[in-house]
Every structure is written in C-alpha cells, then in structure tokens.
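Novice: Take this structure, written in structure tokens, and hold onto it; I'll ask about it next.
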Amino acid sequence: MLERCHQRMTCLESLLNVSIVEDDEAVRQSLRNLLRSAGHRVELFASAEEFFAAAASASSDVVITDIQLAGTSGIEVTRRLKGAGSKVRVVVITASLDAKYRALAVEAGADAYFVKPLDSGVLIACVESWSSGPPGREGR
C-alpha cells in the first residue's frame, strides 16, 4: 500500500500546468480533454490577449498556442514568452502546411511544432517528456 501511495505521489508531482491558447473552441476543448485525461492541469484561453491579461505564463509549465490566432499570433506569443526569459515550454500548432510557419516558430523559440490534425499520442509524449523537469521547474 505504501509503495502504491508513493507511486501516486510521484505521479501527482509530475503533473504539468498547461495553458492552451486557441481561438477555435472545438480544438481548445479537445486539447483540454486530451491533456486532462493524461492527468495534467489545463487552463483555456481564446486569445493571446486573454492569456497575457490573466498572467497565466507565470504558472504555466507548457503553453500550447495556435499560430493563426485572431489578434496577436501564436508566433508573437512565443516571442514574448521567450524574449522575457520565460522557461515555459511552448508548443506551436497550425493547420497550415506552409514551411515558413515552422521556420518562424523555430526562430521565435518554440520547443515543439505540430500540424493539425494533431497526433494525440505524439503530443502527449512530447508534453510528458517535460514533466520530469521543465526548465525553471526542476524538483517539482
């Protein structure tokens, strides 16, 4: 019993705080359901402006942002986070196959890049690869 409790505590300690910045409500809800089913804490934002107004970057381990948001783009979200010295991991997603977006995301400092439709297993594996110690959150 003690071993099982210890394993559960270790799992709880490795949960990540994930912020999803996506203007498509269906995609936002789908990502929330996927990440919650994997045990992560999730906050949803319909725009970059909403995300920054909530100061969510301070509590986020991972930010998943669409590139083509209404208003401030996901590339700009990434630039702002990385330019401010944030250690948060940023996953950029897009429906576009245009290679220029990948180059812009990498240049802005994105940690991962996915084209929709997303492979849920690969996205979860990517996010969970950071659960043992995202930059700035080691020893959680």
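Novice: Which whole-Hz ³J(HN,Hα) couplings does the range 55-66 yield from phi under the Karplus relation 6.51 cos²θ - 1.76 cosθ + 1.60, θ = phi - 60°, glycine and proline marked x?
Specialist: Each residue of the range 55-66 in turn: 6, 5, 5, 5, 10, 8, 8, 9, 10, 10, 10, 6 Hz.
Novice: Follow-up. Quick one: Cα convex hull volume of the range 79-121, Å³ per residue?
Specialist: Details: hull volume 2.8 nm³, N = 43.
Here the figure is 66 Å³ per residue.
Novice: Treating only the Cβ atoms of Lys and Arg (+1) and Asp and Glu (-1) as charged, compute the dipole magnitude of the range 16-128 about its Cα centre; round to the nearest 20 debye. Kindly include the intermediate steps, with their values, before the conclusion.
Specialist: Numbers: 12 positive and 15 negative charges, 60 e Å.
Dipole of the range 16-128, to the nearest 20 debye: 280 debye.
Novice: Beyond 17 Å, how much of the Cα-Cα pair distribution for the range 30-70 remains, as a whole percent?
Specialist: Distances greater than 17 Å cover 32 percent of the Cα pairs.
Novice: Place a point 7 Å from the Cα of Glu49 along the Cα-to-Cβ direction; which residues of the range 81-108 have their backbone N under 19 Å from it?
Specialist: 81, by backbone N distance to the label point.
Novice: Per residue and in cubic angstrom, what volume does the convex hull of the Cα atoms of the range 16-128 have? Can you show the working numbers first?
Specialist: Numbers: hull volume 9.8 nm³, N = 113.
Convex hull of Cα atoms, per residue: 87 Å³.
FYI, it's all coordinate maths here, none of it is from the lab. Values in this document were obtained by computation on a predicted structure and should not be read as measured data. Backbone-built Cβ (ideal geometry, glycine too); neighbour counts: all protein chains shown.
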